[in-house]
Structure formats: structure tokens, C-alpha cells
């Protein structure tokens, strides 16, 4: 027997799935709701195509906006930074209001702010790591060049020894002929 879910449950499930963090998978959301993964995925597709049927009490009046809102993980870095800057001058209530308008939560802004802070702190160490990497590549190139030169010299020496043995075998040793 197939389970029957209300429209409001479907809409809330889709909203929860679309507002999940990067670390939470769709499968985890579906398991927490007691819904099959494929079913939840199908609901998300239907909501993005605006295929949910309206009900008498207008449960899905909010569903039409789902397609227009970006999930937090869909924001590009410039938009994230702009939102962090806009929120930095607002009080908590105004931040929450702005976040609701954008389809976000205040904790997303905090995460983005921390990410920017850690990225800028890490950029100076990244620069030193890049210069170290460049130095090691240069050193590796110089060592390969030297190894190649020594291999050529060794090959030339080996060829001369082989030729010397052949000449001795054909003409004999100079010491033998002088006696």
C-alpha cells in the first residue's frame, strides 16, 4: 500500500531539502522524514516545475516561490560577501527579516562570514606554500638536468670502453706487437 502525504507535508519536506546545508545529504533528509529518497527527489522536481496541485485551503501558496529562491549552497562568493556586508550593519531582527526575504537563515550568514575570515587568514600561508612549491619545482628541474647530463657522460664512457675492447680484439694489444 502506497503512503499518502498531505500537500503541506510535501511542501515542508521540499523546503527542508532545499534549505539543507552542504554537509547534509538528500538521503539523510528523506530518512529523517520517513520518506523514500526517490519520492523526495520527485517532490523537489515537481515543486521546481510548479506541478503541485493547489488545495482548497491554499496550502501551496508558498510553493510558487520555491523555484525563484536560491539555496544557500547556490550562492556565488560575490553574492555571499555582499550579503555578509549588508547584514553587518543590521541588528538581529533586521538580519532575520532580510534572510527570510532571501530564503536564508541567519546561521548561513555567520557560516559565510567565518569562511571569509578563515580564507583571508589562510591566504598568507597559501602564498608561502606557493613560493615553497615553486622553489621545489625549480630545484627538481635542476636535479633532473644534472642527472640527465651524468647519464649521457656515463653512456659515452661505456661506449668508449666497448670500442676499446673491440679494437683490442681485432688488432691485438699494442704491448703484444712490440715484443
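Of the residues 95, 89, the single one that is at pLDDT below 90, surrounded by 13 or more Cβ atoms within 10 Å (Cβ to Cβ) and farther than 24 Å from residue 48 by Cα is 95. Condition check: closer than 14 Å to residue 71 by Cα, surrounded by 14 or more Cβ atoms within 10 Å (Cβ to Cβ) and under 25 Å from the mean Cα position of the chain (by Cα). Does residue 30 satisfy that? When the stated conditions are applied, residue 30 does not pass them.
Residues that are in contact with a helix residue (DSSP H, G or I) (Cβ under 7 Å, 6 or more places away or on another chain) and either assigned to a helix (DSSP H, G or I) or within 30 Å of residue 21 (Cβ to Cβ) (or both) occur in the stretch 113-128; there is at least one.
Screening residue 60 on (1) modelled with pLDDT under 85; (2) under 19 Å from residue 117 (Cα atoms) shows it passes everything except condition (2).
The values are calculated or read from the model by the stated rules, or taken from the named source; none is laboratory data. Keep in mind that this is a model prediction, so the values were computed, not measured. Glycine also receives a Cβ, built like all others from the backbone with ideal geometry; neighbour counts cover every protein chain displayed.
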